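Structure record follows, encoded as structure tokens.
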Amino acid sequence: MALKNFQAMQGKICTYTAYTMNAFKEVATANVDKVTLEFGVKVAGEGGVPYITKGSGECNLKITVECSFPE
């Protein structure tokens, strides 16, 4: 179960990365010199009585872009 959850997170990270990089490729007015993506994932689970479980998840994404503009 945990492996499946981590594979799902990996897929989402790959999707977000590709989407972000493609968005900056479309910027014609600036040269994108550096893009930094930071992902934070927090996963928690709690077990107890069978069929009564609790889980939670958090995710954040930080994007830093360094650009130079042609003279």
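Read-outs throughout are calculated quantities, based only on the coordinates presented, and are distinct from any laboratory measurement. What you see is a predicted model, and the numbers here were worked out from it, not measured in a lab. Here Cβ is always computed from backbone atoms with ideal geometry, including for glycine, and neighbour counts include all displayed protein chains.
If I take R0 = 25 Å and measure r between the Cβ atoms of Thr15 and Ser56 in this structure, what FRET efficiency does the formula 1/(1 + (r/R0)^6) give, to the nearest 0.05? Once the sixth-power term is evaluated, E becomes 0.70.
Anything over 20 Å Cα to Cα? Flag those among Lys12/Lys34; Lys12/Lys54; Lys34/Lys62, in the order listed.
On the way: Lys12/Lys34 22 Å; Lys12/Lys54 22 Å; Lys34/Lys62 14 Å.
Going by Cα-Cα distance, Lys12/Lys34; Lys12/Lys54 fall outside the 20 Å limit.
Please give every one of the aspartates and glutamates within straight-line cross-link reach of Lys4, meaning a C-alpha to C-alpha distance under 19 Å, and leave out same-chain neighbours fewer than 8 residues apart. Within the straight-line cut-off, Lys4 pairs with Glu46, Glu58. Fully extending the segment from Asn5 to Ser68, taken as 0.36 nm per residue of separation minus the present Cα-Cα distance, adds 18.8 nm.
Phi-derived couplings, Karplus 6.51 cos²θ - 1.76 cosθ + 1.60 at θ = phi - 60°, listed residue by residue for the range 56-63: 8, x, 9, 8, 9, 9, 10, 10 Hz, with x used for Gly and Pro.
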